[in-house]
Amino acid sequence: MRRDGPLCAVAERHAYRLVPAGIGGLRVLGAAMAADTALTARVEAELRAHAAASPWNARGLLERALRVSPALGRGHERLGLIALAGGSGAWVELTRLC
């Protein structure tokens with residue numbers, strides 16, 4: 001999808017603002033992030049938002065699967081492990097194992 005094509009409004013709505021495409025741009029961003037913790041926080045927030053919105057996000061897939069089949073084998077355990085890795089919500093998911 002191109003920013004100047006027929007779906008430009010969709011491209012604009014879902015565009016990365018801080019994270020560039022390509023290795024060269026990522027190298028420049030990495031150097032800038034090393035010098036600017038506020039930029040690092042904004043980049044992290046952008047990446048987390050895009051990951052959370054992705055239909056292929058493991059957490060989102062598991063949550064949708066559990067809505068359909070609440071007893072999905074190891075579903076809450078896996079959500080708990082994802083939450084542990086992310087630092088939040090683990091206790092809630094792990095208490096649903098019973």
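No value in this document is a laboratory result; all are computed from the given coordinates. Bear in mind the structure is a predicted one, so any value in this text is a computation, not a measurement. Neighbour counts are summed over all protein chains in view; Cβ atoms, including those assigned to glycine, are modelled from backbone coordinates with ideal geometry.
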Mind giving me the nanometre distance, one decimal, between the label points for Ala51 and Val68, set 7 Å out from Cα along Cα→Cβ? 2.4 nm
Placing each pseudo-label 7 Å from Cα in the direction of the beta carbon, Ala32 and Glu77 end up separated by a distance in nanometres of 4.4 nm
Between Cys8 and Ala58, with labels modelled 7 Å along Cα→Cβ, what's the label distance in nm to one decimal, could you check? 3.9 nm
